[in-house]
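The values are calculated or read from the model by the stated rules, or taken from the named source; none is laboratory data. What you see is a predicted model, and the numbers here were worked out from it, not measured in a lab. Glycine gets a Cβ as well: all are built from the backbone with ideal geometry, and neighbour counts include every protein chain shown. Calculation scope for accessible area: heavy atoms of the full protein, side chains included, ligands and nucleic acids excluded. Shrake-Rupley method; radii C 1.70, N 1.55, O 1.52, S 1.80 Å.
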Amino acid sequence: MAAPKHEVVDDVASRVATLVSQLANDAISKRGSFSIAIAGGSLVKMLGSMKAMPGVEWNKWVVAWVDERCVPHSDPESNYGGAWNAWLSMVPIPPDQIYSIDEQAVLESPDAAARNYEARLRELPISALPRENDLPRFDLLLLGFGPDGNSRRHGGR
């Protein structure tokens, strides 16, 4: 087994943007679309730096979330709200290709909202979101690390 490759870069945001752009181009050339599920925080700000990159085929992107908090999209804790403000509002991804959790449903019943979100993702055509063993297979799951080193939030509101 080959040893993992480690890369040291000065501008992490630029490197993340470049890698995501390369993965998107590869997926689009193979399948015609690129599916990404994102977390919140500083990663979406890094994706925001892609807005000026030439050649990004935003109209072929499908965006979902790996996690969301049970708050309205306008709440500062909302991963969707953070992504909208830092990135999505600045790029021409068609709104019907951005899959956020239903903010009203999540306030009424988080469990029902999660089931609804899963059902909406499962309704996507395989060309937009491939499946493996009947589960969605995103081209990229982009997870970040919190200040405590965790890659996901436990608990929450």
From the Cα centre of region 77-138 to that of region 23-71, the distance in Å is 12
The relative contact order of the chain, taking Cα pairs under 8 Å that sit 6 or more residues apart, comes to a percentage of 26
For the chain, the helices passing both cut-offs (Cα extent along own axis of 24 Å or more, Kyte-Doolittle mean at least -0.5, full DSSP H runs) are 12-31
To the nearest Å², the heavy-atom accessible area per residue of region 18-119 with 1.4 Å probe amounts to 48
Of 71-80, 119-128, ordering from highest average Cβ density within 10 Å down gives 71-80, 119-128
Taking N as the number of residues in the chain, the ratio of its alpha carbon radius of gyration to 2.2 N^0.38 Å works out to 1.06
If R0 = 25 Å, then residue 14 and residue 58, at their Cβ-Cβ distance, give a FRET efficiency to the nearest 0.05 of 0.85
In the chain the accessible area split gives carbon plus sulfur, as whole percent at 1.4 Å, a share of 53
Rounded to the nearest 500, the 222 nm mean residue ellipticity computed for the chain from DSSP H runs (n ≥ 4, each -39500 (n - 2.57)) alone is -10500 deg cm²/dmol
With the convex hull built on the alpha-carbon atoms of region 6-92, volume per residue in Å³ sits at 109
Relative contact order in percent for region 71-146 (Cα pairs under 8 Å, 6+ apart) equals 18
